[in-house]
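First comes the structure, then the notes that go with it.
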Amino acid sequence: MVHTLLGYVLLPLALWLGIASAWAADPSDVLARALLGTAHDWPFPGQWKSYDVYAYDTLKNHDFQRPYQNALNQLPAAVKQSDGPWLAPMKMTSTPNRFLRTPQGEFVYVSGCKPHDCGNSVGVVFEPATGRLALLLEKPNGSPAGERERRWLVGDHTLAMVALVKAVRAAEKIGQNRLPLPADKLSKAAALLGP
């Protein structure tokens, strides 16, 4: 009797939990989808104008140096060894940094890729007001071409920062370098985020 009762209660509960966990999405991906349409590129305000440079000049900002180095130190040793020579000094191919406003705060976005090998790329979201930083390193997963990248997310970051770096990287991958995305591009970028 007890086993039958437990079967009637526990089995549906276990099935419901399994289905619910499959439906549950990564909260940063959910927020990233929203940020594709709500984050805005803005001109750099006066107090953060020193970040309006290319990636390699960003390290001249002392407030950025320590959080960036701390994030790099969180990468696995093999990754630091292979990618450290271009990541640590920010000797990368890059576009000018961007200033982004979101409902969650104001951030500097820095991105770039390994010279002559842009499959290895990095996106960094830095919050100058707090000194917090999220670094997302992406590397090709090998053959066949087009498979998902290997990714490392490191730094002292918030959920909003993780979502923002994911949103901006997704937009970049579809050739969009400004937020918010136009309505006809939202679904294409959102498809690059997790389920």
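Taking all protein chains as shown and a probe of 1.4 angstrom, residue 130 keeps an accessible surface of around 80 Å². Heavy-atom accessible area with a 1.4 Å probe sorts 118, 113, largest first, into 118, 113. Considering only the Cα atoms of the stretch 57-121, their convex hull presents on average a projected area of 5.1 nm².
When the surface is traced with a 1.4 Å probe over the full set of protein chains, residue 51 keeps roughly 10 Å² accessible. Note on residue 185 and residue 78: the model spin-label points, each 7 Å out from Cα along the C-beta direction, lie 3.6 nm apart.
Which sequence of 53, 168 reflects their accessible areas, 1.4 Å probe, from the largest down? Mind dumping the intermediate values first?
Details: 53 35, 168 0 Å².
I get 53, 168, largest accessible area first.
Expressed in Å, the radius of gyration and Dmax of the Cα atoms of the stretch 88-195 are 13.7, 42. Once C-alpha pairs closer than 8 Å and six or more residues apart are averaged by separation and normalised to the residue number of the stretch 32-130, the relative contact order reads 30 percent. Consider a paramagnetic label point 7 Å from the Cα of residue 26 along Cα→Cβ; state which residues of the stretch 75-89 have an amide N under 11 Å from it. So the set is empty, nothing qualifies. With R₀ set to 30 Å, the beta-carbon distance separating residue 70 from residue 149 gives a calculated FRET efficiency near 0.85. Using the Cβ-Cβ distance between residue 40 and residue 156 with R0 set to 30 Å, the FRET efficiency works out to roughly 0.75. Backbone amide hydrogens, once placed in the peptide plane, bring residue 97 within less than 5 Å of 53, 54, 55, excluding anything fewer than 5 places away on its chain.
Here the stretch 27-78 was treated as a single set of alpha-carbon atoms; its pair distances binned every 10 Å from 0 give 19, 29, 42, 10 percent. For residue 157, the solvent-accessible surface with a 1.4 Å probe is about 60 Å², rounded to the nearest 10. Relative contact order for the stretch 57-195: what percent, with Cα pairs under 8 Å and sequence separation of 6 or more? It rounds to 18 percent for the stretch 57-195.
The values are calculated or read from the model by the stated rules, or taken from the named source; none is laboratory data. What you are looking at is a predicted structure, and each value in this text was computed from that prediction instead of being measured. Cβ coordinates were reconstructed from backbone atoms using ideal geometry, including for glycine residues, and neighbour counts include every protein chain displayed. Just so you know, the surface numbers come from the protein's heavy atoms only, side chains and all, with ligands and any DNA or RNA stripped out. Shrake-Rupley method; radii C 1.70, N 1.55, O 1.52, S 1.80 Å.
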